[in-house]
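Novice: The following block contains the structure, expressed as structure tokens.
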Amino acid sequence: MCEDDHGYYSYTELQLNCSHGNKYNKAQAAYVTAPGDVLAQNMTASGQYGRVSASDNVLFVTFTSDEDPSTSAMCMYPLRSINKRLVEIIGACYSHNGIINEKGAVYSPYSSKSEELCSSKNHVNMTLKYPCGAEFLPSPLASKAEFALTSEPPLARKGHMTAVAVAVEMTHAVAFLGTSAGEVLKVHLSAHPEVYGRAPGDVTGEKVNKNLLFDTGLQHLYITTEKKLHEEEGCSRWRDNNTWLWSPNQKCVQIEAFDPPNLSCRKTQQVDIHIPALPTLRPTDWLRCEFGTFVSQGAVGNEDGKLHVTCALPDPGGIPPTTQQQDYVSVPVKVVVNDNIEVTSGEYHFYNCAATVRKNQNTPCIACVTSEWRCQWNAQDHSCSDESDAAGGEFIVKTQQAGSCPQFESPEPLLIPVGFPIPISFQGRNLDLYQRDDQRFSIGTHLMKDTELTVIREQGSKFKFNGYEFSYDKQQEVNVSFHIIDRGTERMVDSTLTVSLYNCSVNREDCSLCKNAASQYECVWCSSSRSCVYRELCPSHQPAQCPPPEITDIFPRFGPLNGRISVTIRGSNMGIKSDDVRKITVAGVDCLQQKERYSVSTSVVCEIGPARRAPPSDLPFEPSLSGAVEVEVEGEGGRTGTSKIFFTYRDPMPSFVHPGKGPAAGGTLITINGTHLDTATKDDVSVSVGGVPCEVIKFGSEISCKTGKYRGQKVPAERLTVAVKYGTNTTKEIPSAYQYAENPKITDFKPKSSFLCGGRRIVVVGSGFDLIQRATMEVLSANDEFSQNTAPVQFVQQYVSKNDTVLQFLSPTVNCCVDSTALRSVLWLDDEMEELKGFDYHPDPSFDLLLKNVITETSIIIVHGRGFSKAMTAKEAQAFVGVSSCPVNILQDDKLILEAPSSQPSSGSKRQRRDATNDLLDLVVKFGHGEWKVGSVYYAQSKDIPLEIIIPSVIIPMLFFIAISVYCYRRKSQQAEREYEKVKHQLENLEESVRDRCKKEFTDLMIEMEDHTSDLSEARIPFLDYKTYTDRNFFLPTKDGSDDTMITGKIKIPEARKAIVAQALNQFSNLLNSKPFLINFIRTLESRPDFNARARGYFASLLTVALHGKLEYYTDIMRTLLLELMDEHVQNKNPKLMLRRSETVVERMLCNWMSICIYQFLRDTAGEPLYKLFKALKHQVEKGPVDAKMKKAKYTLNDTGLLGDNVEYSVLTLQVLVHGEGPDVTPVKVLSCDSITQVKEKIIDQVYRNLPYSQRPEVESVALEWRPGSTGQILSDLDLTSQKEGRWKRLNTLAHYNVRDNATLVLSRVLHSQSFHQHQDNYEEKNALLEDDHTFHLVRPADEMDEGKSKRGSMKDKSMTKAITEIYLTRLLSVKGTLQQFVDDFFRSVLCSGAVVPPAVKYFFDFLDDQAERHDNVDEETLHIWKTNSLPLRFWVNILRNPQFIVDVHVTEVVDASLHVVAQTFMDACTKTEHKLSRESPSNKLLYAKEISTYKKMVDDYYKGIREMVPISDQDMNTHLAEVSRQHTHELNTELALHQLYQYASKYYDVIIKSLDEDPAAQNKQLTLRLQQIAAALENKVTDL
């Protein structure tokens, strides 16, 4: 839209799609900035954005998805692309009737006549000539969805991204993405964007607001959540090279190489560490290298542009020893800057050549010279050492010259049998290096144990030894390596002699297996020993063929009558190959061999046929279903083996299935019972339920299987047949044995959150849970950006209890993930998975240090922290003081209120660790599986309990008065003595009763306020809209109140004159926007004696509304008038009186200006504690009796409104049914002494608690009916049953009607208002109620007759009555103590400069500071008074006394009296004057005497904190004011305000004209003429103009 387009002609909408399917369709936050070189190149290369340069602006937007609410994404849109698409849309409307590519591309978002929008004139370049479209576009445009600008998301992830800000550093773009979990992710926007870091949020998990703000130097990022502002510090070295994690070219700072790459542990020197991406060091930086515990200074060098760090290596004595089986030691290396910044790390190897021989002691020389280190072998010394050019000679074998080592090699033969010595010959090489003629060698190996045999030297380099009779039976074949020792020196000579040792008998237990051995082993079956041995070890005859087969086992031993199952026959000598088996019979039935399953000699598998049929009945024998197994193998005449174990044919008979019902999803484990079920094997058996396979889990005398998923359409299905199939030819069925029922359904679950520590009881509600057998709750974690584990992690918890409708779990403990939003919770019901959508895990709460660790008799402990209420309630939480449990009464997000045991717990508990001196007890809080020790507490001794909770100035006079009275009357009569004892007893219990009352009522109030608090968290505070807020603040205090024209909006203007009047008022508005006219106008009016203070305030309010569209101009006028007022007071030497009252127009303008500028602060910050204070006060007042006539209450803060009589009452809970709104009843707590009107008010408050007060029915518009029996009774304050006491009539109460606890009442609307007596039955009743009687509620005022009696009464009665009344003053203490927290919270929200301070407050206080410096006689106290008069007394006291000015509530007289006390306390706190209190001081002043000093300090700190804040420039303030004007001016009736303002111009017309004529500035601008023209138009005057 064009900036100056007031007609909205150029308004055009363009839809932005994130992904081609527009999966991410809800925009959350946006940010516009240039992309930088790297991102611009990547965007251009991708092809989807067109050409993008580094200086082009790009719109970055985060989206969430309706399709998949658990995910979110970020998309990018170059503004050039957006503008191009908008030009296409507008151009199509200019020239092509809104058509692009033969499709309609345009519609009107605010009109149904879209087809008439566009033109068909084919003009070219219309969008360039007429970009704002005033002549051609009659209404706003919007593009259709198919012409949306689409971008693919470069980043999509689990969880919600709620904020975005982008900065360009070192040509790279970095996105900061706020999440709903309170974190800010740092994303490098490369070709493949990656999350490289995160700024953790609060443990409370408050979502990050859409506003992420950088400071001007891009050094800090300001993160806003719902309640807090966080500051994330940037990197001060951001301009240095190689500082960023991904710079340069996404290379991390790591060690590329060492020079030298390794070093002998016997040497020391320097090492160069090559680090290509080493950050730039400043002159003040220092660098060091750490090699394990050794530290050396490092120096940075540059060789051919490559950076390296040079460090000294440790001395040999400082290198750790080489471990066993290793020839080197690794030492950790760290490169550290400035003693605390680890730049990179790695490992450096120190090698030990002497240790290389450990790798193979049979070949010491070869192991030495072939190692990865630079080692050489000294044949003369038989040692391995570091390579040295100085060491030479023919006995030195250099590195990597293994062929030069003295060694023995090439053994022959390579196969050696066990138990028979075979001579072995081999070759020797390079033996002349030993330079000895009498060389003698011996040979050995570990299998020869300690035996060493002599090596015989043959001719040349040939050697041999005569063999050894080895013994080995662990496996068929093993490699044996020989070592050779030089007998002259007893040193090892390298030997590579390795042969294979084999044992014929291992795994060849029978003849067939023996004959199956490979021929090179020369194994034979020896008949005498019945074993397989080496040929030379069998002296007896070797048979040509093996013995007959021997059968040792058959499996299975039972089969179905129809056969066709596999039988495995195990034994020995059953041939060498499958073809050796000629025939197999099982119980006389041929069995077909399955050759592919044959195992040499030991196992044959065959498939049996059906059992033999029964012969004709006339044959003499019966067939047998049982018999032996026979196997015949190849051989002379055939060799046959017969089993001693019999195989039996039998008929399995399944008969019963349990359970008989399960869910259609399958997964039910059913058990089949019957006879002979364990026929065949598990592999032969298959089960199906109605044709659906059932996986066999267990097979035996019972068969268990798991049902599959039902494929039928009808659920629940008919009872289905369960079929058990044995092999391929036998099927047994159980008809109508199993039914598939409906799957279990989950309808709800609660609670819907858990801490990561788990252990919270989750109740799942639904149906069909009796059908399931296994239920688990699992938490699945998606891969986290920072997790090294790529496989998803799951956490499982079995159910705790189960019935058909309820499942209970304890939430699993999760200990894997930083991002709790990436967790997904599911339920497994047998094999069916149900996702618990909406179940969230929150980070574990944090606890602050315990502020107060002494437990007094009040036994209340307050624990502070964060994040308590995210996933816990007071009923679930547990707390322990030592061994004893203490109830959690209140659980708020940042506070726990515990009731500690009244007496100190005993010692000896596992939970309790006590200090011997202070008797300290651990205070432990437990949330589910999470357990936190939050501090230690101790019990105060009774002698230490102070009496300070009783206000001395109330108690001491009372004690003195009662003591004197009782002393005097005790001398006169015994009655006085009894009265004295009574009062004395009352005083003894006074302290305890006040303390207990405070404790009990505070706890009760907090418990009952929890519902309100939970409502507040869901944004249910009934804030007034801006129009109503300004009406009530500006015009309600006027004499007309709610009937004021500005509030009603009613004004009579003839229809024919409306256009003229509107035009004239517009001219009048322009005239008011002329500063000379407006200043003159205001001065002229204020000079008139009949323009009183009320008129000035009303005029200022009208002016505020009229100029709301230009608040910056309004502020300028106000500043000008304030400067004049300030100069006037300073010159009159009474500057402290300035702004004390609203007697001038500018003072009222200031009040209105503050109201406008603080509106948003009220909604965001101060409104909630004010609303809580009001609700708590109202709740506390209505908790006790309230006299509806005298407007006095039992519980109040105002002593003049204290109900001095002890009224008997009880608390009733009524079940209220609202007529016409369904059968649901609402429980409402009332008092038996409440009047019927009071009962109605409480019922309306509870029934319509979710509605603002203005939308609730009025008390007069509803009737209350009680139906104790068959007939109903209308309850009212007065009727014929009302009690009379003389001339006085008592209002009816619930006790009067005898309404009991839990009674049901019906609330109904009356169609029209009618007086009460119109409901009566006859004329006499009407006359009886119309009598001029006095009425009272709880306390009857004293009339003339009572006063006469009182005068005749004794002085004793009067004094006792006064004494007892004074005792009731302690209720003020009780109410004050109960409400203290709410009062403190409101004061903190208003007087906390550490939180968000409205810009207007900072701006105006700076203005006052500047003016104070300008005037010499304005001291600090005067400045304090100015600030106090301008904000706390002018605005906050007004809001505190009138909560209805910001929230939609009704403030009763009784609540108003208590609010007045709090407001007076606020006023006292803002003054510099010290209040001297005495016994005569009002009780209201004494109540908060102790807190006043604290509040005064809060005010001083508030003013000081604002002064120290960063100044707000005029430009910034004007920008803020312009935004307020833009947001709200359209809500106000500025035309009506102008009309009312003109009434003042009309009333003082002549005086104003005269004043303008005398003003040169007004003459220059012809202001007189303009006013005359306006008057002519508005008053329909005919003038000479």
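Novice: Under 14 Å from a point 7 Å along the Cα-to-Cβ line of GLN270: which residues of region 312-334 have their amide N that close?
Specialist: 312-314
Novice: While we're on this one: Taking N as the number of residues in region 1-72, what is its Cα Rg relative to 2.2 N^0.38 Å?
Specialist: 1.38
Novice: Would you mind calculating the relative contact order of region 1175-1299 from Cα pairs under 8 angstrom and at least 6 residues apart, reporting the percent as a whole number?
Specialist: Contact order relative to length: 17 percent.
Novice: Can you classify region 1474-1541 as rounded, prolate or oblate using the Cα gyration tensor, where a ≥ b ≥ c are the square roots of its eigenvalues, rounded means a/c under 1.5, and otherwise it's prolate if a/b beats b/c and oblate if not?
Specialist: Taking the square roots of the gyration eigenvalues as a ≥ b ≥ c, region 1474-1541 is oblate.
Novice: Next question. Mind putting a number on the dipole of region 1494-1567 about its Cα centre? Charges go on the C-beta only, +1 for Lys and Arg and -1 for Asp and Glu, and I need it in Debye to the nearest 20. Don't skip to the answer; put the middle values down first.
Specialist: Values: 8 positive and 12 negative charges, 54 e Å.
Dipole magnitude for region 1494-1567 comes out near 260 debye.
Novice: Here is a further query. Which of the pairs LYS1183/LYS1472; LYS1052/LYS1547; LYS870/LYS1172 have their Cα atoms more than 27 Å apart in this structure? Before the final figure, lay out each step's value.
Specialist: Details: LYS1183/LYS1472 37 Å; LYS1052/LYS1547 18 Å; LYS870/LYS1172 20 Å.
Too far apart for the 27 Å limit: LYS1183/LYS1472.
Novice: Using a 1.4 angstrom probe with every protein chain in place, what is the largest-first accessible-area order of HIS541, HIS929, HIS483?
Specialist: Putting HIS541, HIS929, HIS483 in descending order of accessible area: HIS541, HIS929, HIS483.
Novice: From the phi of every residue in region 697-703, what ³J(HN,Hα) in whole Hz does the Karplus formula 6.51 cos²θ - 1.76 cosθ + 1.60 yield, where θ is phi - 60° and glycine or proline is x?
Specialist: Working through the residues one at a time gives 9, 9, 10, x, 5, 10, 10 Hz.
Novice: Moving on to the next point. Students sometimes get this wrong: rank HIS308, HIS6 by accessible area, probe 1.4 Å, all chains present, largest first. Kindly include the intermediate steps, with their values, before the conclusion.
Specialist: On the way: HIS308 20, HIS6 165 Å².
Descending accessible area places them as HIS6, HIS308.
Novice: Can you give the accessible area of ARG440, probe radius 1.4 Å, in Å² rounded to 10?
Specialist: 140 Å²
Novice: Please compute the net charge surrounding THR1104, taking Lys and Arg as +1 and Asp and Glu as -1 over other residues with Cβ under 12 Å from its Cβ. Mind showing how you got there, number by number?
Specialist: Values: positive: LYS1110, ARG1148; negative: ASP1031.
Local net charge: +1.
Novice: How large is the accessible surface of LYS1192 in square angstrom, using a 1.4 angstrom probe and rounding to the nearest 10?
Specialist: Probe radius 1.4 Å; accessible area of LYS1192 about 60 Å².
Novice: Which distance in Å, rounded to a whole number, links the C-alpha centroids of region 561-585 and region 1124-1182?
Specialist: 106 Å
Novice: Just need the relative contact order of region 468-624 here, percent rounded to a whole number, with Cα pairs under 8 Å and 6+ apart.
Specialist: 15 percent
Novice: Ignoring ligands and nucleic acids, what accessible area does MET170 show with a 1.4 Å probe (Å², nearest 10)?
Specialist: 70 Å²
Novice: Would you rank ILE1552, ILE1492 by solvent-accessible area, highest first, keeping every protein chain in place and using a 1.4 Å probe?
Specialist: Greatest to least solvent exposure: ILE1492, ILE1552.
Novice: State the extension gain, in nm to one decimal, for the chain segment bounded by ASP1516 and GLU67, taking 0.36 nm per residue of separation less the distance between their alpha-carbons.
Specialist: In short, 517.5 nm is gained.
Novice: Let me ask something additional. Hey, what did region 462-541 get for relative contact order, percent, Cα under 8 Å, at least 6 apart?
Specialist: 21 percent
Novice: Would you mind pulling out the separation of the Cα centroids of region 18-81 and region 634-678, in Å?
Specialist: First find each Cα centre; the distance between them is then 66 Å.
Novice: Using a/c under 1.5 as the rounded threshold, could you call region 1407-1476 rounded, prolate or oblate? The axes a ≥ b ≥ c are square roots of the C-alpha gyration tensor eigenvalues, and prolate needs a/b larger than b/c, oblate otherwise.
Specialist: oblate
Novice: Would you please give the FRET efficiency between LEU959 and ASN338, computed as 1/(1 + (r/R0)^6) with r the Cβ-Cβ distance and R0 = 51 Å, to the nearest 0.05?
Specialist: 0.15
Novice: Something else now. From the Cα gyration tensor of region 1058-1142, with a ≥ b ≥ c the square roots of its eigenvalues, which class applies: rounded if a/c is under 1.5, or else prolate if a/b is larger than b/c, or else oblate?
Specialist: Details: a/c = 2.45, a/b = 1.91, b/c = 1.28.
Prolate, since a/c reaches 1.5 and a/b exceeds b/c.
Novice: Between the alpha-carbon centers of region 745-785 and region 1493-1518, tell me the distance in whole angstrom.
Specialist: Answer, in whole Å: 50.
The values are calculated or read from the model by the stated rules, or taken from the named source; none is laboratory data. Please read these numbers as outputs of a predicted model, since none were measured by experiment. Ideal geometry is used to build each Cβ from the backbone, glycine not excepted, and the neighbour counts take in all protein chains shown. For the accessible areas, the whole protein counts, side chains as well, though only heavy atoms, and no ligand, DNA or RNA atoms are used. Shrake-Rupley method; radii C 1.70, N 1.55, O 1.52, S 1.80 Å.
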